[in-house]
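Take a look at the structure below.
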Amino acid sequence: MPSISEKDITLAKKCSEFIDLTNRVNLMFCEAVKQYICCQMNEFDSYLEQIRKLEVRGDAIRRDTESRLYSEKLIPESRGDVLGLIESTDDIIDEIKKTALLFSVEIPDIPPIFQPEYIALAQICVETVDFVLASFRVYFNNPMAVRDMLKPVYAGEKSADKQAGKIKRLAFLDENLPLCKKMHLRYFAHHIDLIADKAEDLADRLSIAAIKQTSNE
Amino acid sequence: MKSLFGRTQILEQKSAEFLDVTIEASQVLTTGIANYLNDNLEQFEADFEQISTLENRGDELRRDIENQLYTETLIPESRGDVLALLENIDNIINQSKQILMELSVEIPEIPAEFHTDYLQLAEKSVKAVEEVVNSTRTFLNYPMMIEHSLNKVYFWESEADRLSEALKRKVFRTNKLELSRKFHLRYFALHIELLADKAEDVADRLAIYTIKRSL
């Protein structure tokens with residue numbers, strides 16, 4: 001059976017555009033966190049603005065792709081899977097935007113000892129998302145390769161959990177911090193960590209979609 | 001009506017093991033909460049360790065079953081339903097682990113006057129889990145006989161809701177605690193209550209699948 005790219009090149013290109021956009025949002029998020037922690041608020045705001053615009057653009061691409069899938073009756077045997085994959089990818093963008101927005105709204109005060117820990121957490125999450133997006137891209141041309149490519153996604157998600165756990169423990173063991181600040185620090189670690197969880201959700205869907213695609217071949 | 005798995009015995013065994021893991025995780029959760037409240041912190045950390053191992057095992061089993069369902073093209077007419085069911089049950093195991101992890105990380109100070117409330121809330125939530133696991137076993141083997149069991153899940157979930165609300169009211173009406181501590185106590189009540197909500201999510205899915213299979 002031909003790959004999805006071979007069956008519908010325009011659809012594959014649309015999805016590729018969506019993946020590119022998600023990738024940009026992902027990379028911007030890491031930079032935004034670094035700028036926030038370095039107190040470069042103008043830079044941070046500029047990244048947030050770009051993330052917001054890309055999220056709106058992402059929604060438009062997603063809706064357009066979804067309606068094409070159904071109105072033009074494209075790849076009927078896999079469209080449910082492609083739809084689910086696009087929605088899970090969109091959840092990653094939404095979570096990133098939401099987390100960046102939380103920084104902007106709640107302006108958490110991150111003590112210096114925690115700063116490298118948050119940057120490390122953001123980097124792990126961004127890498128995890130990067131791995132899953134690379135696998136998603138490959139799904140259209142070579143679904144057989146997807147399963148092996150997902151292993152670093154699962155490892156990344158576990159590693160993000162571990163790093164978020166480390167931050168939370170550090171916060172709650174710190175006797176100099178009032179409880180309300182501990183909870184605030186925990187909240188941000190939790191939300192950054194959720195980005196890796198969303199990447200794992202996409203990986204789970206990809207894994208099944210790839211098996212279905214290859215078993216049809 | 002036939003068993004959902006028909007003659008796919010290995011799948012049946014793995015699913016049974018996955019459900020055993022779910023029950024075991026909820027039992028460890030109950031013990032863990034009791035140990036935490038009784039200040040048996042060493043034993044509590046051992047419970048946390050155990051639940052983490054169970055959660056990993058649950059993930060392995062779930063992915064294994066899902067891959068097998070699709071690679072071997074087993075029960076094609078119901079595999080989407082089984083897949084979603086497993087993922088929802090996995091959320092119960094994750095939530096059980098999450099609660100002990102949060103206790104371990106955040107070490108909330110829980111005044112003695114609230115201990116019984118937390119224990120009772122955990123007990124009701126775990127009952128909802130036990131009942132939904134029973135319902136799932138029934139669904140997988142005798143799909144038409146689960147109505148009675150589902151009814152019990154909804155009962156325990158509403159009991160958990162009720163106790164959680166009462167606990168939160170009690171916390172927010174005491175004048176001995178700072179607002180941040182009240183938030184912290186409410187957070188733990190909410191997370192224990194969420195366990196019963198996850199059980200209810202599974203029950204809702206089971207109810208739909210039963211209707212689908214009866215058509």
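Quick note: the coordinates plus some simple rules give every number you see, no bench work behind them. Every value quoted in this text rests on a predicted model; they were computed, and no experiment measured them. Note that we place each Cβ from the backbone using ideal geometry, even for glycine, and neighbour counts take in every protein chain shown.
Think of the stretch A:52-144 as having a plus end and a minus end, set by charges on the Cβ of Lys, Arg, Asp and Glu; of A:Thr128, A:Gly84, A:Asn141, A:Asn141 sits farthest toward the positive end of this dipole. Taking every C-alpha pair closer than 8 Å and separated by at least 6 residues, the mean separation divided by the residue count of chain A gives a relative contact order of 28 percent. Using the Kirkwood radius built from alpha carbon pairs, what does the Stokes-Einstein equation give as D for the stretch A:4-215 at 37 °C and 0.692 mPa s, in µm² per second? Reported coefficient: 184 µm²/s. Per-residue extension of 0.36 nm, minus the Cα-Cα distance of B:Thr116 and B:Lys176, leaves a gain of 19.8 nm for this segment.
When the charge dipole of chain B is built from unit charges on Cβ atoms (+1 for Lys and Arg, -1 for Asp and Glu) and taken about the Cα centre, the candidate among B:Leu69, B:Pro143, B:Thr31 whose Cα reaches farthest toward its positive end is B:Pro143.
In this structure, the residue pairs whose Cα-Cα separation is over 31 Å, taken from A:Lys158/A:Lys181; A:Lys53/A:Lys166; A:Lys14/A:Lys166; A:Lys97/B:Lys97, are A:Lys53/A:Lys166; A:Lys14/A:Lys166. For the options B:Thr116, B:Thr138, B:Thr71, a Gaussian network treatment of chain B with springs between C-alpha atoms closer than 10 Å singles out B:Thr71 as fluctuating the most. Within 10 Å of the Cβ of each residue in B:76-88, the mean number of Cβ atoms contributed by other protein chains is 1.
Each helix, a run of at least 4 DSSP H residues, gives -39500 (n - 2.57); summed and divided by the residues of chain A, these come to -29500 deg cm²/dmol at 222 nm. With both labels modelled 7 Å from their Cα along Cα-to-Cβ, the B:Asp64 to A:Asp109 distance reads 5.1 nm.
From most to least packed by mean Cβ count within 10 Å, the peptides B:62-68, B:32-38 give B:32-38, B:62-68.
Roughly how many debye, to the nearest 20, is the charge dipole of the stretch A:4-215 about its Cα centre, given +1 on each Lys and Arg Cβ, -1 on each Asp and Glu Cβ, and no other charges?
200
Distance from the C-alpha centroid of the stretch A:96-151 to that of the stretch B:41-112: 22 Å, rounded to the whole angstrom. Sequence-distant contacts, meaning Cα pairs under 8 Å at least 6 residues apart, place the relative contact order of chain B at 27 percent. When the square roots of the Cα gyration tensor eigenvalues are ordered a ≥ b ≥ c, the ratio a/c for the protein assembly as shown is 1.5 or more and a/b does not exceed b/c, which makes its shape oblate. Shielding value for B:101-111 is 4, the average number of Cβ atoms from other chains within 10 Å of each residue's Cβ.
Apply the a/c threshold of 1.5 to the C-alpha gyration tensor of the stretch A:73-158 and tell me whether it is rounded, prolate or oblate.
In terms of gyration-tensor shape, oblate.
Taking the C-alpha atoms only, the angle from helix A:115-141 to the longest principal axis of chain A is near 0 degrees.
Any idea what the relative contact order of the stretch B:68-155 is, in percent, if you count C-alpha pairs under 8 Å spaced at least 6 apart? Once normalised by length, the contact order is 19 percent.
Partners of B:Lys127 within straight-line reach, counting aspartates and glutamates whose Cα lies under 14 Å from its Cα and excluding those fewer than 8 residues away in the same chain: B:Glu24, B:Glu157, B:Glu159, B:Asp161, B:Glu193, B:Asp197, B:Glu200. Among B:His184, B:Leu83, B:Leu41, flag the residue with its Cα farthest along the positive direction of the charge dipole of the stretch B:9-214, charges on Cβ as +1 for Lys/Arg and -1 for Asp/Glu. With unit charges placed on the Cβ atoms, the residue in question is B:His184.
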